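Colleague: Starting off with a structure, shown below.
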Amino acid sequence: MELSMMNDMHLEIEGMDSCHPSGVPSESVVGGQQELHSLLNVRHPYGVPSSPVGTQDIKQADSSPAFTHSDTPLIIAGPCSVESEEQIIATAQALAQIPEVKMLRGGIWKPRTRPDAFEGRGEQGLVWLREAKRATGLPTATEVATPEHVELALKYDVDALWIGARTVVNPFSVQQLADALRGVDIPVYIKNPVSPDLNLWLGAFERFQKAGVKQLAAVHRGFAYYKETPYRNYPMWEIPIELTQRLNVPLITDVSHICGNREMLQATAQKALDLATDGLMIECHINPEAALTDARQQITPEELKSLLASLTFRSKQSCDVERDLAGLRGEIDDIDSELLQLLARRMAVSAQIGEYKKSNNVAVVQMDRWKKILADHVATGADLGLSPILINKVFEAIHQASIERQGCIMDDNKG
């Protein structure tokens with residue numbers, strides 16, 4: 001389905017002024033009769049890898065016609081939920097005055113955790129969203145979770161769809177949506193699953209690709225995390241970076257859902273830009289304090305304008321370097337986490353040995369055995385290209401901690 005835009009569409013992102021202090025165009029350019037997929041000008045910095053993705057033979061995504069070359073990140077803004085006609089039109093009109101904003105988002109169906117929470121306005125909300133589009137020329141985007149949602153969104157001329165994190169975790173739901181969009185030429189943004197599962201995210205892309213959906217982009221909105229963090233959804237930047245290295249799709253960062261609060265938006269948005277994100281999705285509401293959903297993470301259009309002005313939009317080349325480094329740093333973080341888990345296991349076994357020595361009246365330190373173990377470790381480390389000095393320092397420290405742990409066990413027995 002070809003999507004023709006209105007003459008006064010507020011979409012063109014061409015003509016970036018490199019001397020502009022924020023790195024964004026100084027004025028809005030009318031898009032005319034061009035189609036949507038030629039106007040959402042976001043490019044992906046990576047080429048398509050030739051090797052299969054992970055353990056699955058996933059077909060690589062073609063470079064999406066929805067996102068052609070541009071150094072200007074796509075800014076998608078709008079309320080978490082479309083609550084009323086007055087709310088969405090007022091918000092949209094204010095956002096239309098911000099040249100950087102190229103698309104209006106608005107939730108129509110809201111998957112809430114509790115059944116009595118506000119779950120969206122449904123079809124009536126689509127009527128209001130269409131009116132906001134007509135009033136401003138901003139193209140619109142909304143979340144769909146069922147084939148019925150897809151049918152209604154297309155009926156009311158929604159210009160782009162996104163698949164939510166709670167939907168992406170269910171391959172059956174993703175397949176139903178892919179089937180519903182078979183033969184439809186519309187941009188589809190796929191959010192990461194709630195859990196940090198790269199294969200689930202890749203699998204969602206594969207299903208839409210096989211259904212013939214060509215205009216695909218990824219949306220990074222953070223992940224559920226077992227530890228308490230300042231974020232609502234922990235970013236785990238290495239996962240979206242790896243996705244973009246495996247699939248040739250643009251990446252949009254949903255900073256509102258990563259942060260869960262207004263205070264962290266600027267720093268998180270800047271981090272995303274430094275990592276060469278192709279766009280930002282930011283929730284804006286004409287009156288955030290009165291919002292029916294996610295009030296804490298929404299900002300006013302005026303605050304969005306200030307936020308965008310505070311950001312540094314770097315060249316893609318420098319961002320690509322930072323993104324590559326972030327991927328490698330993410331690997332180091334994962335390895336360090338594994339090392340900590342292994343150290344904890346080793347200390348637990350050491351404690352068991354201490355209990356056994358105590359029961360059998362064996363001395364804590366067996367120096368001859370330790371010297372042989374250390375010599376073996378140094379030799380093995382040399383074969384792996386590791387410095388003897390490093391091996392000695394690391395294992396001496398571990399051994400000393402084990403002695404102290406076992407010494408405490410012996411002291412407890414004396415008590």
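Colleague: Considering only region 147-188, how many residues are farther than 15 Å from Arg130 by Cα, in contact with a strand residue (DSSP E or B) (Cβ under 6 Å, 6 or more places away or on another chain) and part of a loop (DSSP other than H, G, I, E, B)?
Modeller: Number satisfying all stated conditions: 2.
Colleague: Shifting gears a bit: For region 135-146, what are the residues that are in a loop (DSSP other than H, G, I, E, B) and either crowded, with 19+ Cβ neighbours inside 10 Å or not polar (S, T, N, Q) (or both)? Don't jump to the end; show me each part of the working.
Modeller: Narrowing region 135-146 to residues in a loop (DSSP other than H, G, I, E, B): 137-139, 145-146.
Of everything in region 135-146, those that are in a loop (DSSP other than H, G, I, E, B) and either crowded, with 19+ Cβ neighbours inside 10 Å or not polar (S, T, N, Q) (or both) turn out to be Gly137, Leu138, Pro139, Ala145.
Colleague: Assuming Met347 fulfils every condition listed in (1) part of a helix (DSSP H, G or I); (2) over 31 Å from the mean Cα position of the chain (by Cα); (3) more than 30 Å from Asp411 (Cβ to Cβ) apart from one, which condition is it?
Modeller: Condition not satisfied by Met347: (3).
Colleague: Another question, then. Has region 255-267 got any residue that is surrounded by fewer than 20 Cβ atoms within 10 Å (Cβ to Cβ) and hydrophobic (A, V, I, L, M, F, W, C)? Give the derivation first.
Modeller: Here is the first cut: in region 255-267, the ones surrounded by fewer than 20 Cβ atoms within 10 Å (Cβ to Cβ) are 260-264, 266-267.
Still in the running and hydrophobic (A, V, I, L, M, F, W, C): 264, 267.
Yes, region 255-267 has at least one match.
Colleague: Out of the residues in region 160-173 meeting the condition of being over 18 Å from the mean Cα position of the chain (by Cα) and either surrounded by 23 or more Cβ atoms within 10 Å (Cβ to Cβ) or of a type in the set (A, V, I, L, M, F, W, C) (or both), tell me which one is nearest to Val219 (Cα to Cα).
Modeller: The extreme case among them is Ala160.
Colleague: Now, a different point. Any chance region 364-387 includes a residue that's among the β-branched types (Val, Ile, Thr) and not in a helix (DSSP H, G or I)?
Modeller: Checking region 364-387: at least one residue is among the β-branched types (Val, Ile, Thr) and not in a helix (DSSP H, G or I).
Colleague: Mind checking whether some residue in region 339-360 is of a type in the set (A, V, I, L, M) and under 26 Å from Asn233 (Cα atoms)? Show your work before the answer.
Modeller: Keep residues of region 339-360 that are of a type in the set (A, V, I, L, M), which gives 339-340, 342-344, 347-349, 351, 353.
If we keep only those that are under 26 Å from Asn233 (Cα atoms) as well, we get 339-340.
For region 339-360, residues of a type in the set (A, V, I, L, M) and under 26 Å from Asn233 (Cα atoms): present.
Colleague: Let me ask another. Kindly indicate whether any position in region 149-159 is closer than 28 Å to Ala224 by Cβ and of a type in the set (Phe, Trp, Tyr).
Modeller: no
Colleague: Taking the options Ala382, Ala397, name whichever one is modelled with pLDDT of 90 or more, over 30 Å from Asp274 (Cβ atoms) and touching a Pro at 6+ places or on another chain (Cβ under 7 Å). Explain how you work it out, then say what you get.
Modeller: On the way: Ala397 fails: touching a Pro at 6+ places or on another chain (Cβ under 7 Å).
Checking each option against the conditions leaves just Ala382.
Colleague: From Ile186, Ile190, which residue is assigned by TED's automatic domain parsing to the domain that holds Cys80 and either surrounded by 23 or more Cβ atoms within 10 Å (Cβ to Cβ) or over 20 Å from Ile76 (Cα atoms) (or both)? It would help to see each step written out before you state the result.
Modeller: Working: Ile186 fails: either surrounded by 23 or more Cβ atoms within 10 Å (Cβ to Cβ) or over 20 Å from Ile76 (Cα atoms) (or both).
Matching residue, one of Ile186, Ile190: Ile190.
Colleague: Sticking with this one: For region 107-130, what are the residues that are buried (at least 19 other Cβ atoms within 10 Å of the Cβ) and at negative phi? Walk me through how you get there before you give the answer.
Modeller: Our first condition is that a residue be buried (at least 19 other Cβ atoms within 10 Å of the Cβ); within region 107-130, this holds for 107-110, 120-121, 125-126, 128-129.
Within region 107-130, Gly107, Ile108, Trp109, Lys110, Arg121, Gly125, Leu126, Trp128, Leu129 meet the criteria.
Colleague: A further question follows. Give the residue, chosen from Leu386, Leu343, Leu304, Leu311, that is surrounded by 12 or more Cβ atoms within 10 Å (Cβ to Cβ) and touching a strand residue (DSSP E or B) at 6+ places or on another chain (Cβ under 6 Å). Let's see the steps before the verdict.
Modeller: Working: Leu386 fails: touching a strand residue (DSSP E or B) at 6+ places or on another chain (Cβ under 6 Å); Leu343 fails: touching a strand residue (DSSP E or B) at 6+ places or on another chain (Cβ under 6 Å); Leu311 fails: touching a strand residue (DSSP E or B) at 6+ places or on another chain (Cβ under 6 Å).
Answer to the selection: Leu304.
Colleague: Cβ-Cβ distance below 6 Å, separation of 6 or more or different chains: which pairs start in region 112-141 with a residue that is within 10 Å of Glu85 (Cβ to Cβ) and end on one that is of a type in the set (D, E, K, R) and part of a helix (DSSP H, G or I)?
Modeller: So the pair list comes out as Trp128/Glu85.
Colleague: Moving to a separate point now. Here is a check on your reading of the model: is Ile353 at pLDDT below 90, in a helix (DSSP H, G or I) and of a type in the set (Val, Ile, Thr)? Outline the logic, then answer.
Modeller: Working: at pLDDT below 90: yes; in a helix (DSSP H, G or I): yes; of a type in the set (Val, Ile, Thr): yes.
Taking the combined requirement at face value, the residue satisfies it.
The values are calculated or read from the model by the stated rules, or taken from the named source; none is laboratory data. Remember, it's a predicted structure, so these values are computed and weren't measured experimentally. Here Cβ is always computed from backbone atoms with ideal geometry, including for glycine, and neighbour counts include all displayed protein chains.
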